[in-house]
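*Asks:* Would you mind keeping the following structure in view while I ask a few things?
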Amino acid sequence: MKTAIYPGTFDPVTNGHLDILARASEIFDEIIMAVAVDSNKTTLFSLEERVALLEEATKDMKGVKVKGFEGLTVELARRCGAKAILRGLRVMADFEYEFQLALMNKKLAPDIETVFLMTKSDFSFISSSSIKWAASLKGSISEFVPPHVEKALLERYPHD
Ligand code: COA
């Protein structure tokens, strides 16, 4: 069985992440969405909330599991029997960071490969931060996140 892990902060999950996931599901038998505690980011949603939002978003997808994790991504990959770490690339600006992360992971675990998929152009300009920013200023975000994520964001940033 070909298993991959798709790590990220997912604060919150967006349609961009879900597009990468749907396309990767055609390549891998099993994908573990790995929601990181250690990602150098201060998050709006707790780990439990981020996991719950992802579980709801992926509940109808076969072969997809959601897991919160602490520690190294490569260690989780090993524990799950995954040979690949899946990441999405949006714009050139992502490349340097992703390249560094992939090289570091390769050094830590030479047996595990990082696999990149290019984000669909419709989502190439979005990020979890820009969606949170727009939601906090009453911007419409329904195009970019599933309805239950939009609801969670509107509850976090209530407007009259
Ligand atoms: N569509 C839309 N947005 C996307 C996207 C896509 N296809 N792919 C990524 N993004 C956005 C995310 O929304 C996120 O936006 P934000 O910065 O505004 O939050 C950004 O791109 C990148 O985030 P994400 O994919 O969640 O990755 P991350 O950089 O937050 O997380 C980890 C990186 C979790 C993989 C990394 O920190 C990690 O591996 N941590 C564990 C410890 C470890 O092993 N460290 C590395 C070795 S030392």
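The values are calculated or read from the model by the stated rules, or taken from the named source; none is laboratory data. Treat the numbers as computed from the prediction; the structure is a model and nothing was measured. When we count neighbours, we look across all protein chains shown, and the Cβ atoms used for this are built from the backbone with ideal geometry, even at glycine. Surface areas here come from the heavy atoms of the whole protein model, side chains and all, with no ligands, DNA or RNA. Shrake-Rupley method; radii C 1.70, N 1.55, O 1.52, S 1.80 Å.
*Asks:* Nearest 500 deg cm²/dmol is fine: what mean residue ellipticity at 222 nm does the chain get from its DSSP H runs of n ≥ 4 alone, each adding -39,500 (n - 2.57), divided by its residue count?
*Replies:* -12500 deg cm²/dmol
*Asks:* If you find the alpha carbon centre of region 94-160 and of region 46-81, how far apart are they in angstrom?
*Replies:* First find each Cα centre; the distance between them is then 15 Å.
*Asks:* Over the chain, with a Gaussian network built from C-alpha contacts below 10 Å, which listed residue (109, 34, 93) shows the highest mean-square fluctuation?
*Replies:* 93
*Asks:* Another question about this same structure. Considering Cα pairs under 8 angstrom that are at least six residues apart, work out the relative contact order of the chain and quote it in whole percent.
*Replies:* 28
*Asks:* Of the accessible area of region 3-121, with the probe set at 1.4 angstrom, what percent is carbon plus sulfur?
*Replies:* Accessible surface attributable to carbon and sulfur in region 3-121 totals 55 percent.
*Asks:* Separate question: On a 0 to 90° scale, report how tilted helix 15-24 is relative to the longest principal axis of the chain, with both axes built from alpha carbons and the result rounded to the nearest 10.
*Replies:* 30
*Asks:* Kindly identify region 3-121 as rounded, prolate or oblate by the Cα gyration tensor criterion: order the square roots of the eigenvalues as a ≥ b ≥ c, call it rounded if a/c is under 1.5, otherwise compare a/b with b/c, prolate if a/b is larger, else oblate.
*Replies:* The shape class here is rounded.
*Asks:* Can you work out ³J(HN,Hα) from phi for every residue in region 55-65, in order, using Karplus 6.51 cos²θ - 1.76 cosθ + 1.60 and θ = phi - 60°, giving whole Hz and x for Gly and Pro?
*Replies:* Once θ is set to phi - 60°, the couplings for region 55-65 become 4, 5, 5, 10, 4, 9, 9, 6, x, 10, 10 Hz.
*Asks:* Accessible area per residue of the chain at 1.4 Å probe, in Å²?
*Replies:* Solvent-accessible surface per residue comes out at 57 Å².
*Asks:* May I pose another question? List residues of region 1-41, by number, whose backbone nitrogen lies under 20 Å from a label position 7 Å along Cα→C-beta of residue 133.
*Replies:* Counting only backbone N, you get 9-17, 40-41.
*Asks:* Show which lysines lie in cross-link reach of residue 138 when reach means a straight Cα distance below 27 angstrom and same-chain residues fewer than eight apart are skipped.
*Replies:* Cross-link targets: 41, 120, 151.
*Asks:* Sticking with this one: Does region 83-156 come out rounded, prolate or oblate, given a ≥ b ≥ c as the square roots of the eigenvalues of its C-alpha gyration tensor, rounded meaning a/c under 1.5 and, failing that, prolate meaning a/b above b/c?
*Replies:* Prolate shape, in that a/c is at least 1.5 and a/b is the bigger ratio.
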